[in-house]
Structure formats: structure tokens, C-alpha cells
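Written below as C-alpha cells is the structure these notes are about.
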């Protein structure tokens, strides 16, 4: 069942004459996504899944079904000189109904205020249509006071998201240009930190040089802003992957998810941490939450597949991994895991098809033979290369280790594993769970290779629920405010104003909009729009039964009752009465 308080923000279309403004449109889309994630209780599809529909003319009903959301925000951006126009519309995915649409015209330098205004507007519309949400006064903070620095940052971000070494290096150059214009641009420093960390792990820069540069950027960033989720996240890579310090990593991941319970990097890190520890139930819970937020991410389906793999559920793992490869055929990690599953399932034809034109074919084939033919002899040349540490292996998949572990050369395999553990090599961080390493578990010293400092008893599982924390009104306060609200509606009839919304109602009653929303949901069990429309419906019925208004059409009566849309009127009327307005009028006559 789809969560009604949910939204996907589709990439805003670039309507400017310059194709270069594409990155700017993508950046603003991402900023609005990030802003909406701050509203507790609102499910927001992450960037990866939303951008899967970029430049595709697909029915919103299909998108809603694919992403599991009740609403979609789409629109366009036009930039001309120093001006920006954003056109946006909020659409209900069940039937394609346009809940709202509006044009925004601003000076380009006011782009952050505009992002905040749009984000707040969308959050309020979802609250009015689907139920209570606690919404902050502002959702977008100004990350820089220099619009040129911001544009450079977005250019760098667009390059970073291509996730290749070449583009990562280009992204750094743009982040540095942004920093040159604004020395206090914290997000640019944090972005550099992540980029240098990736280059270090991928081996595309000398490790020490890259890590020193990452550290320099971190030291500056933390002096500027430690409230961003990037701050605790910056500790995760070091403590988890770099030092295998699981306890510290757990603490930092928790801090990320406290700031944003749906932070995809935080959810992924928590799932991977529990995977490394063998806490598969917990790992699966976080992987499923990750997929709920980002269902079209190949990497997320790979994460779930990996959990199944370590539980030896190879067929289930294959289902997830094949879907990951459907989403992203270039995901190298997924190809390796697919290969592993075919080996364990002894599906030779599919295995051979999968490794065509892929690296490490010799090692993959030898591993298949070792697992599925116990009489396989390891070639002497291969053993000599392994003994001399001359063999070249893929950084992501230690095939030679797995081959030796399942042969008569387990001592050599154990020595190799010991070296990798001592070096804290990321590709064997899950060595405790790896099926290919099961033969080494009985060897003396295996259990002492690495001792985790995080125990199951240390886990305080909250799943970082993003339920709305409201300034709860007690029973007496609810009673008083309920009477005040009813009296206001009876005396002033504000529902006759077709532009009435939660904000204007709150201003009229001199109350916080969050309290009015909570009051209506808690006391009447409906959302704001249904509450207002019930009054409008009663008013319509009284007019329809009054001979004085018989000269008016049904639609005219509806508009005079406060409805501003024929579709909304007809839909609400049928929902409440079970019949169309015209049929009801005839039944009364």
C-alpha cells in the first residue's frame, strides 16, 4: 500500500537556450529533494530513483507505481541573464490529477529563497491533502552568499555524480573554484573530502596524498558547519572502511541518521556494517528501508543481494543482482556477485555467458572448477605467482584467495587473508561471512584475525523512525482549540473562500500551522482539505435544496460553496455520498 504522505521530485526540465544550464536544473531539483527530506513523516524518493525518469515521457501513474509515491512534483526552469523562472506542478499519481501549479519569477541571486518557498509550498500541500506533518519554518538554508560559487558547486556536483575517476578530478577543480569565491562554503569542502577519499580507495591518486588533501578539507569544513549530515558521515569512511572500527562507525552512522533518517549513504553504511558483523536481520531491515527511499538504485539492490549471498540464499541473491544489472549494466561489483552465485549454483552455461568479455576470466573459471570439481589441480604457475605475491587481481574481487581457500593450499590462503586483514583491505571486510572462506574457519588463528569491538548487545535498534514529533496538545488544549475552530467556521464561514489554506487559517486564528494541522487530524480524523470540503459540501446541499437558488447550475452552486475545481467537487461528493451531484439533486427532488 502506497504511503499517502510521499513524493518524488522529477528532474526539472531545462527551458533555457544554453544546454550548460542542465547541471543547474539538476542541482535545484536535488536541493528541493534534500529540503523535503527534512520534513519528518514525509517519504521522499531519493535522487537516484527520481533521476531514472529524466528525459522520459512516462505517465505519472506508472512513476507512482514504480517509486511507491502518492504525488510527483515536476516542472521546468528558464534562466535569462540574471532572472530565473521556475514552473512547478504537484500531481497525484493515482489519477494524474494536478493538485497545484504555479510560476515563480525571481532574481537569480534569490535562488535559495525560491527553493525554500517551493519546498515549503509542496510540504504544506501534501499536509493539506494527505494528513498531518510537522513542518519547520524554513527547509533550505543559504549554503553560500555567492551565486557564482553556487553555480560552480553545482557544476562540480554534476560531474561527481558520474562516479568516474576522471570526472571526480574535474569535480574537485570546480569545488576549488567555488571555495576561491567563498572561503566559508562548507558543502564544497565536504564534497572535496568525499572526492579525495574515493580517489584514494580506487587507487587513482597516491593514497597518502589523497588522504592528506581529504583531511585538510575536513579540518576546514568542521570549523564552518558541523550540523550537516556530511560532518558525521565524513568519519564513517575512515572508521568503518579505513580502520574497521565498527563501534565508532556505528556511532557516526547513527548521527547521520539522526539528522536525516532517510539519508541514503547513512542507510547503506548501516546495512553494510551489520552485514560485516553477520547481523543479517538488521542488515536486511536497513537495506529494505534504503530501497523504499531509493527503489531504482542498482547499488541498493546489490546491497540486498549481498545479504542474501552471505546467508547462502544464492537464488534470491541472483534475483536482486540481475535486477541491479538491469538498472545499471556497468556495475562491476554486481557482475562479480552474479559470477559467485552461478559458481555456487553450478550453473555453468550461465556462468560462461556472464564472464564473456569480462576481466579475470582465467581466475573465475578456475574458481568454478575448484568449487564444482573437487579433483581440480591448481596449476603450478598460479601457485608460484600467489606465493611470490606476483599475481594481479581485481581490487574488488580476490579470486586467487578464494581459489586457494578451496584447494589443498589452505595455509597459503590463510597467509594471504592474514595480510589483507592486516592491511584492512575493503574487499575482504566481510571475510567472516564469505562462503568461499568457510574452509579457513577451522584453521588456528582464524577467529583472532580481527576482533570486532561492536557486539550485538551494543545495538540499540531504533530504525531512526521519522515519525512526526509534534508539540503535542494535551486533551484540554485540544478541547479548547476544537471549540474555537468550530465556532470560527460557524460564524465566519471561511470555507467559502476558495483560496483558503492551512497557513491563512492559522493566521486568522493566530495559531501555529502545525498545531492547526495536528488539531484537525487528531480531533476530526481527516486531513485539512477533507475537513474544509465537508463544510463546503454541507453548504452546497443547503443551497441546492433552497428554491431561491434553483436558477444556478450544479457547478455554479459548487463554486459558490467554496469549491474551486469541478474535478475536486465531483470526486469529493461521490466519495462522501456514493453518488454523483446530479443524481443526488434528482433524488432530493
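Side notes on the structure shown:
- Beta bridges per DSSP, both residues in the range 3-142: antiparallel share near 70 percent.
- All C-alpha to C-alpha distances of the range 223-268, sorted into 10 Å bins beginning at zero, yield P(r) values of 32, 54, 14 percent in whole numbers.
- Relative intensity of the range 494-588 on a log10 scale, I(q)/I(0) at q = 0.14, 0.16 Å⁻¹, equals -0.55, -0.68, per a Debye sum over C-alpha point scatterers of equal strength in the absence of solvent.
- Cα long-axis angle, helix 528-544 against the chain (0 to 90 degrees, to the nearest 10): 30
- Between residue 480 and residue 441, the distance separating the two model label sites (each 7 Å from Cα on the Cα→Cβ line) works out to 6.4 nm.
- All alpha carbon pair distances within the range 221-331 were sorted into 5 Å bins beginning at 0; the resulting P(r) in whole percents reads 2, 13, 21, 21, 20, 12, 7, 2, 1, 0.
- Percent antiparallel among DSSP beta bridges (both partners in the chain, rounded to 5): 70
- The stretch between residue 504 and residue 18 holds 171.0 nm of extra length on full extension. This uses 0.36 nm per residue minus the Cα-Cα distance.
- The Rg/Rh ratio for the range 359-440 is 0.92, where Rg is the radius of gyration of the alpha carbons and Rh is the Kirkwood radius.
- Contour excess over end-to-end distance, with Cα ends at residue 180 and residue 396 and 0.36 nm allotted per residue: 74.1 nm
- Remark on the range 1-117: Rg and Dmax equal 13.9, 46 Å (Cα only).
- Here the extension length gained between residue 362 and residue 522 equals 51.1 nm, from 0.36 nm per residue of separation less the Cα-Cα distance.
- Within the range 62-92: backbone nitrogen closer than 12 Å to the residue 103 label point (7 Å, Cα to C-beta): 78, 85-88
- Computed label-point distance, nm, for sites residue 488 and residue 350 using a 7 Å Cα→Cβ extension: 6.2
- Helix 566-577 axis, angle to the chain major axis (alpha carbon atoms, nearest 10°): 90
- Compactness index (Cα Rg / 2.2 N^0.38 Å), the chain: 1.16
- Listed peptides 406-413, 246-253, 348-355 by packing density, highest first (mean Cβ within 10 Å): 246-253, 406-413, 348-355
- Packing-based ranking, highest mean first, of 531-538, 575-582, 187-194 given that Cβ atoms within 10 Å are counted: 187-194, 531-538, 575-582
- When peptides 449-458, 260-269 are sorted by average Cβ neighbour count within 10 Å, with the highest value leading, the order is 260-269, 449-458.
- Tilt relative to the chain, helix 298-310 - C-alpha long axis, 0 to 90 degrees, to 10: 50
- Model label sites at residue 459 and residue 61, defined 7 Å from Cα along the beta-carbon direction, differ in position by 4.2 nm.
- Residue exposure proxy: 367, 161, 233, ordered by other Cβ atoms within 10 angstrom of their Cβ from fewest to most, comes out as 161, 233, 367.
- With neighbours defined as other Cβ atoms within 10 Å of a residue's Cβ, the residues 496, 277 order from fewest to most as 496, 277.
- Residue 451-residue 255 FRET efficiency (beta carbon distance; Förster radius 22 Å; 0.05 resolution): 0.35
Just so you know, all these numbers are worked out from the coordinates, no wet-lab data involved. Owing to the predicted nature of the structure, the values given are computational and were not obtained by experimental measurement. All Cβ positions, even for glycine, are placed from backbone atoms using ideal geometry, and neighbour counts span all protein chains on display.
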